[in-house]
Amino acid sequence: MNAVYLDHNATTPVADVVLEAMLPYLRQHYGNAASRQTFGTLALRAIDQAREQVAQAVGVRPVQVIFTSGGTEANNLFVAGAAACLRPSQIGVSAIEHPCIAKPAAALARQGWTCRRIAVDRDGCLDREDLEAALSHQTGIVSVMLANNETGTLQPVARAAERARSQGTVTHTDAVQALGKVPLDFGKLGVDAMTLSAHKIYGPKGAGALIVDKRLQLRPMLLGGGHERGMRSGTLNVPAIVGFGAACELAVARLADMSRRMRALRDRLEAGLQELGAVIFGARAERLPNTTYFALHGIEGETLVVEMDRAGYAVASGAACSSASPEPSATLVAMGVDAELARGAVRVSLGDSTTAAEVEGFLGSLQRTAQRLRGLAAVTA
Ligand code: PLP
């Protein structure tokens, strides 16, 4: 495939060093990390190293890392597991959370909880007054994502966590999109738990982690052999976890360089988009350096994605995970974006291999495609 991949917030290719680290654990070192013989010991040693690498990337001790099958499982584990240890009250989640927080939070209603969505402003940032209003009711749990997967807006998690914790509320952040793109320090955020995923940082699909504070009470969701200190039973996916560890090390090593490069390319992209009259969502907010979410008036996002794919550029419309749904993005609706404009939303997320030439090529192709689509619309009107 010669297509230019500009959808790195959906997933990333596995980096060469990550693949190299994984291969021995798919080939010769295929032992079960729970087995006591040499095969098992070798696998366990690799898990221990990966645990160190993940812990180092976010400034925690290895014992605070609970490996899961990815971000979805870690988010579900947190919501269900923390709620099970508390008396039912209110759970507050930002209105722009990924469905793997929003849905388990809403599902807590079955156990007597009330789910309160905390508003965001027009730029997609958490509304502080609404956070205060939410906290004025008895709130057992608050979860606010660190970076939004669609707009890339960064959320004031440290401030929200400080405020929530001061009244004994358990706090969590979904940092899946932030890892590898902005500096990440669990202690500085001051949350009780944090979610990570490997496949957004040039690691493999099928590995992630819930990082926990030692005081957090959590009931496991998966019961069985008692892996991960009883918090997540199930034979450890050794190659994927090894890859996750290597990807974390890589992410830390190249963070400064990557974010500088991404920002320069993103700024050029957005200047070009503005020349085409695009609306850039969350433009005034502090955002991830690689993410641009935009719409061109009168052009459906879905159509644009299909046409740009034909032209050789892979981008996403709305949230990648829900692109089968014709509904406008829930994030944009929460930001108060008009539904028709929201239906035009297209996300470009740059990655380590993106070049200036690709960005220029994308802009040129977008201009031609938009002209053609508008021409067709005028003929059929
Ligand atoms: N949280 C956010 C913000 C995401 O963007 C995603 C994936 O798109 C997830 C969680 C889910 O992670 P995973 O794909 O590892 O289950």
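The values are calculated or read from the model by the stated rules, or taken from the named source; none is laboratory data. Keep in mind the model is a prediction, meaning the values are calculated, not measured. For neighbour counting, all protein chains shown are included, and Cβ atoms are generated from backbone atoms with ideal geometry for every residue, glycine included. Remember, those area values only see protein heavy atoms, side chains included, never the ligands or the DNA or RNA. Shrake-Rupley method; radii C 1.70, N 1.55, O 1.52, S 1.80 Å.
Key figures
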{"quantity": "Solvent-accessible area, 1.4 Å probe, carbon plus sulfur percent, for the chain", "calculated": "53"}
{"quantity": "Proximal charge balance of Ile91 [Cβ under 13 Å; K/R count +1, D/E count -1]", "calculated": "+4"}
{"quantity": "Candidates Arg310, Arg287, Arg261: whichever shows maximal mean-square fluctuation once the chain is modelled as a Gaussian network with Cα springs under 10 Å", "calculated": "Arg310"}
{"quantity": "Global size of the chain as Cα Rg and Dmax, reported in angstrom", "calculated": "21.3, 72"}
{"quantity": "Fluctuation leader among Thr153, Thr41, Thr68 - the chain, Gaussian network, Cα springs under 10 angstrom", "calculated": "Thr41"}
{"quantity": "Label-point separation in nm, Gln56 to Glu132, each point 7 Å along Cα→Cβ", "calculated": "4.3"}
{"quantity": "Relative contact order, percent, segment 1-139 [alpha-carbon distance under 8 Å, six or more residues apart]", "calculated": "13"}
{"quantity": "Separation in nanometres of the label points that stand 7 Å from Cα toward Cβ, at Arg110 and Arg215", "calculated": "3.2"}
{"quantity": "Gain upon complete extension [Thr380, Tyr30; 0.36 nm per residue less C-alpha separation]", "calculated": "120.0 nm"}
{"quantity": "9 Å beta-carbon shell around Gly71, net charge (K/R +1, D/E -1)", "calculated": "-1"}
{"quantity": "Full-extension gain in nm, Ala158 to Ala253, via 0.36 nm per residue minus C-alpha separation", "calculated": "31.8 nm"}
{"quantity": "Candidates Arg215, Arg122, Arg263, ranked by Gaussian network fluctuation over the chain, Cα under 10 Å, top entry", "calculated": "Arg215"}
{"quantity": "Note, ³J(HN,Hα) from phi for segment 304-316, Karplus 6.51, -1.76, 1.60, rounded to Hz, x at Gly and Pro", "calculated": "4, 5, 5, 5, 5, 5, 4, 7, x, 10, 8, 10, 10"}
{"quantity": "The chain: relative contact order as a whole-number percent, Cα under 8 Å and 6+ apart", "calculated": "22"}
{"quantity": "Accessible solvent surface per residue of segment 16-252, calculated while the other protein chains remain in place, 1.4 angstrom probe, Å²", "calculated": "42"}
{"quantity": "Computed [θ] at 222 nm, helices only, for the chain once each DSSP H run of length n ≥ 4 contributes -39500 (n - 2.57)", "calculated": "-13000 deg cm²/dmol"}
{"quantity": "Rounded accessible area of Ile141 (nearest 10 Å², 1.4 Å probe)", "calculated": "0"}
